[in-house]
Amino acid sequence: MTTAVLALQGAFIEHERRLADLGERTIELRCAEDLAQPFDRLVLPGGESTVQGKLLGELGMLAPLRERIEAGMPVLGTCAGLILLARRIEGDGGWLQTLPVTVRRNAYGRQLGSFHATGTFGAWDDVPFTFIRAPFIVEADNAVDVLARVRGDIAGVRFGNQIGVAFHPELDPDDRIHQLFLSL
């Protein structure tokens, strides 16, 4: 199997390293031509969601990726990647709009509001959560499984083939979230 990692901007290298450690082959998506390569899964990394969304549109990648996700391709969106997946963004439109949630950007504040926590993710305890200028989910449709809450806020969800998290699992040594993604 092969996982494509969006490599327009943001923390994509860390995801590639984590997936390689788990034996997964990765490719980078940098332009529309890269979509012609065969891949089975997609990672949308953290970074600047507005920059990533605009580049996806300008490069002609937004609609083809949306179609693949809607057709069932597994996707992991972390931090900015969650924002890209969200159907709604408070005060703004959405980008891919495949995940039926509403997100709030920079929900914990700017860089100084970044923090680390440990909590429950689905059935797992003691999962590390690293939040960097993180969003959180303010609303999730009934069909969405809430997997994690931090400070009472929704920080991780699953909807069919999509996993969206407000934090950066690629920055912590725990690989369970990446393993869950690879099992889809």
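The values are calculated or read from the model by the stated rules, or taken from the named source; none is laboratory data. Small disclaimer: the values here were computed from a predicted structure and weren't measured. Positions of Cβ are backbone-derived with ideal geometry, glycine not excepted, and every protein chain shown enters the neighbour counts.
When segment 69-83 is examined, which residues are found to be in contact (Cβ under 8 Å) with a residue 24 or more places away in the chain and not in a strand (DSSP E or B)? Correct list: Ile69, Glu70, Gly72, Met73, Pro74, Cys79, Ala80, Gly81, Leu82, Ile83.
Residues that are within 23 Å of Ser183 (Cβ to Cβ), under 17 Å from the mean Cα position of the chain (by Cα) and modelled with pLDDT under 95 within segment 1-45 comprise just one, Ala11. For segment 139-184, the set of residues classified as among the small types (Gly, Ala, Ser) and in contact (Cβ under 8 Å) with a residue 40 or more places away in the chain consists of Ala140, Ala143, Gly160, Gly164, Ala166, listed by residue number. Every condition in (1) of a type outside the set (D, E, K, R); (2) surrounded by fewer than 19 Cβ atoms within 10 Å (Cβ to Cβ); (3) touching a strand residue (DSSP E or B) at 6+ places or on another chain (Cβ under 7 Å); (4) at pLDDT below 95 holds for Ala107 except the one numbered (2). Does Phe136 qualify as being closer than 16 Å to Thr102 by Cβ, surrounded by fewer than 24 Cβ atoms within 10 Å (Cβ to Cβ), in contact (Cβ under 8 Å) with a residue 40 or more places away in the chain and out of contact with any Cys (no Cβ under 8 Å at 6 or more places or on another chain)? So Phe136 fails the test. Checking Val138, Val127, Val146 one by one, the residue that is under 19 Å from Leu22 (Cβ atoms), of a type outside the set (Gly, Ala, Ser) and not in a helix (DSSP H, G or I) is Val127 and no other.
Considering only residues in segment 139-184 that are polar (S, T, N, Q) and in contact with a helix residue (DSSP H, G or I) (Cβ under 8 Å, 6 or more places away or on another chain), the one that is surrounded by the most Cβ atoms within 10 Å (Cβ to Cβ) turns out to be Gln162. Screening segment 152-175 for residues that are assigned to a strand (DSSP E or B) and of a type in the set (A, V, I, L, M, F, W, C) and picking the one that is nearest to Ala80 (Cα to Cα) gives Val165.
For segment 84-102, the set of residues classified as part of a loop (DSSP other than H, G, I, E, B) and aliphatic (A, V, I, L, M) consists of Leu96 only. Checking each residue in segment 32-68 for being hydrophobic (A, V, I, L, M, F, W, C) and part of a helix (DSSP H, G or I) picks out Ala32, Leu35, Ala36, Val51, Leu55, Leu56, Leu62, Ala63, Leu65. When the residues of segment 51-71 are filtered to those that are over 14 Å from Gly93 (Cβ atoms) and among the charged types (D, E, K, R), the one that is surrounded by the most Cβ atoms within 10 Å (Cβ to Cβ) is Arg68. Just to be sure before I move on: is Leu44 on the phi < 0 side of the Ramachandran plot and either in contact with a Gly (Cβ under 7 Å, 6 or more places away or on another chain) or of a type in the set (S, T, N, Q) (or both) in the structure I sent? It is true that Leu44 is on the phi < 0 side of the Ramachandran plot and either in contact with a Gly (Cβ under 7 Å, 6 or more places away or on another chain) or of a type in the set (S, T, N, Q) (or both).
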